[in-house]
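Working notes, beginning with the structure itself.
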Amino acid sequence: MSESLNKAPAQLKKNNINLEDTPLEPTVELKKLWNNIHTAMRKEFGEAIFRSWLKPLTLRAYYHGTMEVSVPTRFMRDWIQTHYAERISAMCTEQNPDVKRVQIVVVQNAILDDKPDESSKDTESAVANLDLKASIAEISSPLDQRFTFDSFVVGKPNALAHAAARRVCESASVPFNPLFLYGGVGLGKTHLMHAIAHVMATDFPEKVVMYLSAEKFMYQFVKALRANETMNFKDQFRSVDVLMIDDIQFIAGKDSTQEEFFHTFNALVDQNKQIIISSDKAPSDLTGIDERLRSRLAWGLVADIHPSTYELRLGILHSKREKLGANVPDSVLEFLALKVTSNIRELEGALNRIVAHADVTKQEITLESTQEVLQDLLRSHDRRITIDEIQRKVAEHYNLRLTDMHSARRARQVARPRQVAMYLSKLLTARSLPEIGRKFGGRDHTTVMHAIRKVEELMGDDAQIAQDVEVVRRALTG
Ligand code: ADP
Ligand code: MG
C-alpha cells in the first residue's frame, strides 16, 4: 500500500514527504498521499457516502500548498464543498502539513467535454450544444475508471453479454436496440456498461453518452415535475446518442416514471439511437413493469450473465492478483474461487482483505492465514449446513428418494443430482473431499472432485443446471 509513507521515517515530515509543486502530472508521493486520504475518508464517512461522493474525486495537481482534485459535475463539487471539503482539507494536513488546502475543480467527463466543432459557423448552436452537454454531464453518473474491457475477464457465463457489449461499441450503427443485459447482483453488469461508455468516449467523441441508474432517472424526473421543467427534461433525454440505464428493475411499480421512460425509449429508438439497459431479471420476469414496456425491452438483444463458474472466478482472481502486484499463492486463489461463490464483488473483497491484512501484519499470505482472516465470511457461507440436509433438499428438488444419494445407481437422472449434492456439500460445508465421499455411499474423493468440476462446467453451459443449483442453494442458505 502506502510504501514510502510508512517505510522510511527519515524521509517523513510528520509523515514527512517534501511535496514538490506538480501542476502537471501528480508525483508518486502525491498519489500515495492521496491513497491514504482515500482510506481515511472511507473510514470516516462510511462506504456509502464514500462511494457516491468521494471516490469520484480525482487527484490532479499540487502547488503552493494547494491540492487540486476534480469531480465530473458542478453539482458534485457544490455538494462536496458544503458537506465534506473542510474535513478533507484537515485530513490532508494531518497526513502532510505541507498541504494547506484542497481545491475542488470541475472537469467534465471526457465523454462530455469535447469542444464544439471549430469549423462550425453556427457558433450559436455550438454553444447551445455545449450547454446541453454540460447539463447532461450533471445528470450522467460518473464512470469508474477501473471498469474497462481490459479488466473484464471473459468466461462462459458472461461471454454473450461481453460480445454484445463489444459489438455495440464497434460501429457507428446500432446493431440491436436495446441491448438488455441481465443477471444477479455483482456479476459485472455495471462493469460492462462503463466499459462501453469508455470506448465510446475514445472512439466516438462526438457522441453524447448518458449513463445513469434507473433510480437517478426517476429522481431527475420527479425533480423536473416539481420544478415544472418536464419539457427541459424531455429535451435532455431525447438529445443523447447513447442512453444507458442501469438497474431498470428499480422502476417497477413506479408508474409515472415508467410512462416517461417508455416515451423516452420510443423517441430514441425512432431516431435510431442506441439504448443499453441492465436489470437483475429477464424482461419477462420484471413484475411491476407495464406489459408494453416489458415487451419493448425484449425487442433487441437480451443477454444474460450466468452465475460465475469456478474457472471464471479463478481467472478473475489471477487477473486481480496481477493488478495488485501481490504475492498470493495459487492455492489461496483456488481456495477463494471454491469458497466465495456468491458474486464477484464479494470475491474481490475477499482478495483485497487478505492482501491488506498481509500488508499490515507484514506476514506472508498462506492458506491458513486466509482462513483466519476470512473466518466470518467463510462461516456465514458454511452456516453449519450439514451434508444430510443438502442431500435431503437435492432429493426433494429432483423428486428422488434420499437413498438415491448413497446408492450405486449410475443412471443420469440419479447421478446428476447426486453430483449436484456433492458440489453443494463442498461449497456449503467445511467437510473435506474424502469426508464428502464417505457420506455419499463411500465414494472416493476423486469421484467427488470430478463431480464438482462437472457441475461447475455444466453450470456455465446449461442454464437449467445453474438454476437448479441456485434454487437448492438458496433453500439451504436461506
Ligand atoms: P453488477 O452491476 O452486475 O451488480 P458490477 O459490474 O458492479 O456488478 O461488478 C461487481 C464487481 O465485480 C466489480 O468490481 C467488477 O469490476 C467485478 N467484476 C464482475 N465481473 C467481472 C469480470 N468478468 N472480470 C473482472 N471483474 C469483474
Ligand atoms: Mg450494477
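Every number in this text was worked out from the coordinates using simple rules, so none of it is lab data. It should be emphasised that the depicted structure is a prediction, and the values quoted were computed from it without experimental measurement. For neighbour counting, all protein chains shown are included, and Cβ atoms are generated from backbone atoms with ideal geometry for every residue, glycine included.
Annotations
- CD proxy at 222 nm, helix term only [per DSSP H run n ≥ 4: -39500 (n - 2.57); per residue of the chain; nearest 500]: -17000 deg cm²/dmol
- Taking other C-beta atoms within 10 angstrom as a stand-in for reagent exposure, His198, His318 fall in the order His318, His198, fewest first.
- Taken about its Cα centre, the chain carries a charge dipole of roughly 1760 debye when the Cβ of each Lys and Arg holds +1 and the Cβ of each Asp and Glu holds -1.
- When the Cα positions of Gln236, Met422, Thr82 are compared along the charge dipole of the chain, Met422 comes out farthest toward the positive end, with charges on each C-beta of Lys, Arg, Asp and Glu.
- Ascending count of other beta-carbon atoms within 10 Å, so fewest first, for Leu458, Leu225: Leu225, Leu458
- Degrees, to the nearest 10: 214-226 long Cα axis against longest axis of the chain: 40 degrees
- FRET efficiency, 1/(1 + (r/R0)^6) with R0 56 Å, evaluated for Gln363 and His83 via beta carbons: 0.90
- Sorted fewest first by neighbouring Cβ atoms within 10 angstrom, Glu170, Glu215 come out as Glu170, Glu215.
- 0 to 90° range, to nearest 10: angle between helix 85-95 axis and the chain longest Cα axis: 70 degrees
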